[in-house]
1. What list of ³J(HN,Hα) values in whole Hz, one per residue of region 115-132 in order, does the Karplus curve 6.51 cos²θ - 1.76 cosθ + 1.60 (θ = phi - 60°) give from phi, with Gly and Pro shown as x?
2. Separation between the residue 1040 and residue 592 pseudo-spin-labels, each 7 Å from Cα along Cα→Cβ, expressed in nm?
3. Pull out the extension gain between residue 94 and residue 716, defined as 0.36 nm times the separation in residues minus the alpha carbon to alpha carbon distance; nm, one decimal.
4. How far is it, in nm, from the label point at residue 294 to the one at residue 326 when both lie 7 Å from their Cα along the line to the Cβ?
5. Sort 736, 753, 519 by Cβ crowding within 10 Å, fewest neighbours at the top.
6. Give the lysines reachable from residue 295 as a straight Cα distance under 20 Å; neighbours fewer than 8 places away on the same chain don't count.
7. With point charges of +1 on the Cβ of Lys and Arg and -1 on the Cβ of Asp and Glu, referenced to the Cα centre of the chain, which listed residue (309, 140, 108) lies farthest in the positive direction of the dipole?
8. Which option, (i) 36.7; (ii) 51.0; (iii) 40.5, is the value of Kirkwood radius over Cα pairs in Å that was calculated from these coordinates?
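Computed from the coordinates by the stated procedures, all read-outs in this text should not be read as laboratory data. In this text the structure is predicted, and so the values were computed from the model without any measurement. Using ideal geometry, Cβ is built from the backbone for each residue, glycine included, and neighbour counts are taken over all protein chains shown.
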Amino acid sequence: MLKKLLFPVFLILYISTFAQEDCASAITVCGNSNINYTPVGIGSTNETLGGCLSYENHSVWYKFTIATSGTLTFDLAPTGPVDYDWAIYGPNVTCANRGTPVRCNASGYFVNTGMNMTNTNTSSGAGNTDPYCKYMDVVAGETYYLYIDNWSSTVYTFNLTWGGTATFVSPFTNSTLAPNPFIAPGNPGPSANSPREINICSNSSTFDFNTLSPGILNGNPNFSVSYYSSANNAATGSNPITAPIAVNTGSTYYYNISYQDPNNPNNSINSCKQTNAIVFKDKSLTATINASSTKLCPNGNITLTSSNATGNTWSTGATTQSITVTTPGTYTLTSTNGICTSPQTSVTITQDTNPNPQISGNLILCDSPSTILTATSTGTGNTYLWSTGATTATITVTTPGIYTVTVKTPANCQYTQYATVIQGDIPTAQNASLTNCSNTANATFDLTTAQPNISTTSGVTFDYYVNQADALAGNTSTIATPTTYNTGNTTIYVRVKSATCAKVVSLQLNVTLLASPTITSSSSTICFGGTVVLTSSATSGNTWSNGATTQSITVNSAGTYSLTNSNGTCTSAAVSATITAESNPNLQISGNLTACGASTLLTATSNGTGNTYTWSTGATTAAINATASGTYTVTMTTPANCQYTKSVTVTLDPPITVNIAAPLQINCTTSQITLNATASIYQPGATFLWTATGGGNIVSGANTLTPIVNNSGTYTLTITSATPNGCIAQSSVIVIKNITPPIISISAPKLSICKGESITLTATGASTYTWTGLTGSGNTQTVSPTSTTTYTVTGIGTNGCPATTPATITITVVSEIISTLQNIEICKGDKGTLNAGSGPNYTYSWSNGATTQTIDVDTPGTYSVTINNGVCSKIFTATVAYTITPQIKEIIYNDNLLTIVVQNQGNVPLEYSIDGGVTWQVYNVFNVLRNTKYSIKVRNRGATCYTTAEYYTFFMANVITPNSDGINDVIDFSEISKYGNFEGGIFDRYGKEIFKPTTNTPIWDGKYLRNPLPTGTYWYKLQWEDRVNKKPIHLSGWILLKNRD
């Protein structure tokens, strides 16, 4: 049959997971939990009820066990007009042998029923009897059955609430089983009976219920949580939710908290479970931005307001509902209610474009009584408002003043511009004219000379224009130089300006024509000592600058001569001619007029520039080579075509060439030499003369071309021509006398070497060498001394002279470099020291950059050090490896001796400790105490890393005397029961198990079911897994129990 189960969404229920129709499958009530149930029909068996009841109708059976002795009452309230009957059986009865109910009520009233503290009756029969019975006194450990039956034909739910001082057994209220409070998930609902609410951020979402379990259980062991999509599934444990599912806000979900005794699968409290209801609440939210405007006016601001009063985060960092912005840009907003965060929304604020308002028009009232002002701006849709009230772009004003226009853009931003209109000062002015004489159709006028005739108004200025339109416009197209304006007969326009207004008048320019004369000259330059004639083109009316009035004048001095001509009315403009006069050019011919050689250079010079020369040889250059004796003449012509002449006489003699051969050297093998100048070139009759300086000495032949000399010095030969004032030639040669003995030196790359090293000796200063104790005459020797040695060398120089002093060098041989560096092992995480060893003058360079004798290392690898003693160097290496800790293979405990068996992974001796590393010994056997936990460590001697293990020296005593004297009162399995695969039991002589040690009940005090056992021999059997070698340990034997009580 189908049972319909209804649960209030917040009411905690404790129900069984088994069938609920009959007494044998009664629902376990745990922890005095309230009951809400709707029984429909009966189970598979129509039970014999007894007492005040006859048979079942719409029934349900419950079972409860007393945890705390006390009084027990309950109140059963139907949710509709039905007759609920009930009966209680017990204590400690079975369904097959329940006996007569200890309380029974079959009252026919459609009202609440139950047990209370005031009634005295223990049973109410059918009919109009009392619906309540007397309370019960119950004792801890007693178990009772409660039968409830809806005797009416209509099905209604009942609510049952327990009362009194007694409590029911429940794992949920047992502080040992549940040391921590269970925590309902989510938040409380709107009322005490509402389901717990879990917030999600949409009306449906995928949810993993298993994420709630740790929080609900709150660390309570042996409890589990399962989840269901309906109350019926939660009641029966059917169709649990095991994977994430799609949840929604319109459904109710349920969870059960269940307990499982890990040591007793048949424990009655394993039937208990705690059920609660869950609903999901959509806490999603949206955010919108309300902007006072999206266009930002200059120096203005815009207020942005969130649709949410709190939980706002703006892109500016602000968290208020509204922000005020003063710069354009995109502003974003997210809102949160503490649970969900809205999607980001944004608004873009743009800067309103300045329309650049301008006012154009004439701002000065002059001749016209009014002026037009026009406002302009960029952009479209702009409106205008003038200070006059006008709303058009153009206004006409007739009075001076300040006129302001306000431009409003479509974004409602306002921009202003103003213009000041003033009353101008109008000057007086009239037309005028100017007349000038000229020898051409044009004349140069000083236009400013007409200003007094144009205007007498003070403080005015004048601008002159060719075009009247330009003058009226007053633009910049003025005559640039009015004081020298060149033109023919014409009319120009003058703009007369006061500070504010202007008038334009005309200025008539008239030219009276008179041509200027011309001057011709016989030459433009007066040659040195000559004259020039100047002639006017006009036969009369001439006036020269020297006062002459004739048509021609003769001048003999340089200067500018001017001429004017007059017709009696106008005088022509002056014309002039500039006449230059040449000074004496001082023509000269320089050069050697009596020359030694085939030619001589003659050079003509004169004052001034641009002069040209013509020689009697036809040459036209300033300088010529005279190649024959004779007279040479040059004619010089100036740029003004003036000519001057000069002559010289030249005599030539053939040249002499002195050639002296390179002399030999005077040295230790040659005491005198002959100089040779026979290759010299000279004319017959020439004479020879040698002279010696610088220590030189001529032995013979001083007047020949081949003298003999015997000392170093400078020897000079002079050859003189037979021609008077003829050629003389001279040349010198240096003779070297080299009898200096060579100075020999010897060198080596270094003066100290290490033993076994070779070195090359190099001698310098001689041509050939003689080494003491060494073969060969070369300048190098390679030697390998085994001890400090001095080497000597002498030699003969290239001049044949032997060295007077030999050269020596001493090579010092130092000891070989040695090192004590060796490989080491370190514990991972520790440091070790590498020592390169010490020695005389040792310096160190490690591969890690260190320069000390020792280095500390914490990383395995190969390290090298270069040792230098100031003479040579040598490289040594060492390997650093991690220490391989020993492996504990087995720990043997026997007869109070603890033996630690290990496998040593290296070559270093081992050390052992059983007190957590406080003390160490080199032996692996220890004297220990029984039933004591030891912290065992094994390491390589001196190492900081070790292998650890814990060992309990379990000793099973064979006697127990539970007389509370503190000696052998109990047998304690607390520590050994924690070992893996632990099992055990104590048995009487018939094989009955009287005690089973577990982690929850590890101590035996000589009792069975809380009653002392008789004195006698009992047997034990134990087994567990060794924590070190993982092998099973079996232990059995006998125990003597002495109970004196």
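1. 10, 9, 8, 9, 5, 10, 6, 9, 8, 10, x, 5, x, 7, 9, 5, x, 10
2. It works out to 15.5 nm between the two label points.
3. The span from residue 94 to residue 716 would gain 208.0 nm if fully extended.
4. If labels sit at residue 294 and residue 326, their model points lie 2.5 nm apart.
5. With the fewest neighbours first, 736, 753, 519 line up as 736, 519, 753.
6. Correct list for residue 295: 408.
7. Working it through, the farthest residue towards the positive pole turns out to be 309.
8. Recomputing Kirkwood radius over Cα pairs in Å here picks out (ii).
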